[in-house]
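What follows is a single structure, written as structure tokens, with notes after it.
The values are calculated or read from the model by the stated rules, or taken from the named source; none is laboratory data. Source: prediction; values computed, not measured. Because the Cβ atoms are built from the backbone with ideal geometry, glycine has one as well, and the counts that use them run over all protein chains shown.
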Amino acid sequence: MRDSPIPASGHVPCAPENVTGNGRVILDSLALPVMVVRADNSIGYVNSAAEPFFGMSRGHLAQMRLTDILPQDNPLFLLMEQVRAQDHTVVEHEVTLESPRLYRTGVTVQGAPVTEEPGAVVLTFHDFSAVRVLDRQLTFRSAARSVAGMAAILAHEVKNPLSGIRGAAQLLETSVGESDRELAVLIQDEVNRIRDLVDRMDMFSDRPIERRPVNIHRVLEHVRMLAQQGFAADIRFQEVYDPSLPPVWGNRDQLVQVLLNLVKNAAEALHGHADGAAPPEITLTTGYRPGIWVSTGGGQRVQLPLLVSVRDNGPGIAENIRPHLFEPFLTTKPTGSGLGLALAGKIVGDHGGVIEVESQPGCTEVLLHLPVVTEERGAP
Ligand SMILES: Nc1ncnc2c1ncn2[C@@H]1O[C@H](COP(=O)(O)OP(=O)(O)OP(=O)(O)O)[C@@H](O)[C@H]1O
Ligand SMILES: [Mg+2]
């Protein structure tokens with residue numbers, strides 16, 4: 001079995017001298033980081049994928065012990081002890097690898113004994129953080145879809161009677177005395193509020209979107225202008241734009257709506273935050289990161305290289321609602337409807353994009369990863 005690149009036992013051979021030429025090629029073509037740790041915790045072998053994972057070159061890693069990279073109380077050491085003691089594979093989920101050099105969380109680590117070398121353990125690291133983001137996206141989308149049906153019913157059943165009520169209140173306004181006129185106006189205002197809500201719900205319905213190349217900077221400029229003329233007049237805006245960005249493949253009006261909701265949330269968070277330590281600020285950033293790929297089914301994968309971020313220096317998102325942010329009707333505001341982020345999630349999902357939120361006190365950032373115009377998509 002020594003000549004076969006990977007033995008039938010499934011164990012990956014240990015030290016570099018044990019990894020045959022073919023074995024190396026195979027291990028290096030794996031996207032999965034693989035590392036062999038000897039009995040004295042020195043690093044015997046790493047494949048190519050381990051270099052970006054640990055943020056160090058192979059040569060550098062090969063001169064180190066695992067104890068130089070991670071503190072000894074890291075669960076990884078316990079896992080290796082178990083592998084050595086029991087001489088079989090041990091898997092641990094949700095491991096955090098944290099040291100001044102490294103921070104990875106939610107990693108699944110598999111440790112297996114190396115038959116040829118007593119005490120050596122081969123470790124493979126499965127980083128599920130990106131998968132988890134996409135998984136959450138799917139959950140948001142299904143939540144949004146259940147709202148879609150309700151939205152259609154609401155739009156149909158509520159809008160018509162509402163226009164009747166508003167028409168009647170308008171008539172009353174002209175025929176009643178001064179004291180009752182206020183009531184007639186109040187009825188119209190409240191009816192308008194319900195109509196706006198129903199209109200927002202209607203956005204959840206599953207209509208195909210019309211797409212064309214959209215200049216995201218124009219969208220952001222428009223949103224900033226609307227915000228500064230209205231709800232964010234007292235807030236400073238910073239813009240950090242990458243001028244060389246290609247157009248987004250999307251629907252301009254819907255993207256305006258997403259970004260307006262995000263900027264409005266940021267402004268509302270800043271208004272509610274009266275500590276006055278730092279001046280309230282919203283930062284709009286764009287960039288090109290050829291990193292995120294998503295599967296669209298049918299074996300197709302699309303790249304989402306365009307990054308748009310809305311960041312504020314407000315108090316941060318309350319811890320208890322973070323896992324549910326994109327669910328409809330979740331709000332902590334007395335007059336909020338809890339539809340802003342649900343709608344943003346739905347629209348970004350319809351664009352084939354991904355939305356992420358990072359939040360801590362003093363810094364909340366919503367990141368959009370969006371597809372760009374390519375030749376197949378009919379770039380101009
Ligand atoms: N930038 C932010 N900083 C702090 N909390 C935020 C921020 N953005 C969103 N949130 C929290 O997430 C909740 C949900 O936001 P979402 O936009 O979906 O609804 P809403 O703002 O409450 O209501 P609506 O957008 O429908 O007016 C908010 O109530 C707020 O608690
Ligand atoms: Mg909102």
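For segment 330-355, a residue qualifies if it is under 15 Å from Pro305 (Cβ atoms) and in a strand (DSSP E or B), and exactly one does: Val354.
Restricted to strands (runs of 3 or more DSSP E) entirely inside segment 161-253, those with at least 1 residues that are of a type in the set (S, T, N, Q) are 236-240. The residues of segment 60-102 that are on the phi > 0 side of the Ramachandran plot and either of a type in the set (Phe, Trp, Tyr) or outside any loop (DSSP other than H, G, I, E, B) (or both) amount to a single one, Glu94. Restricting attention to segment 348-366 and to residues that are within 14 Å of ligand 2 (Cβ to nearest atom) and buried (at least 24 other Cβ atoms within 10 Å of the Cβ), the residue that is modelled with the highest pLDDT turns out to be Val366.
Checked against (1) surrounded by fewer than 19 Cβ atoms within 10 Å (Cβ to Cβ); (2) out of contact with any helix residue (DSSP H, G or I) (no Cβ under 9 Å at 6 or more places or on another chain), Ser42 meets all criteria but (2).
For segment 305-336, a residue qualifies if it is in contact with a helix residue (DSSP H, G or I) (Cβ under 6 Å, 6 or more places away or on another chain) and farther than 27 Å from Pro279 by Cα, and the qualifying residues are Phe326, Glu327, Pro328, Leu330. Each residue in segment 333-365 was checked for being near ligand 1 (Cβ under 7 Å from one of its atoms), under 15 Å from Lys264 (Cβ atoms) and not basic (Lys, Arg), and 8 of them qualify. If you check Met35, Met1 for being at pLDDT 85 or above and out of contact with any Asp or Glu (no Cβ under 7 Å at 6 or more places or on another chain), only one passes: Met35. Checked against the criterion of being farther than 26 Å from Val348 by Cβ and either away from ligand 2 (no atom under 15 Å from the Cβ) or outside the structural domain of Ser359 (by TED's automatic domain parsing) (or both), the candidates Asp234, Asp253, Asp242, Asp202 yield just one match: Asp234. The residue of segment 311-323 that is farthest from the chain's Cα centre (by Cα), among those that are free of Cβ contacts under 8 Å to residues at least 40 places away in the same chain and within 9 Å of ligand 1 (Cβ to nearest atom), is Ala318.
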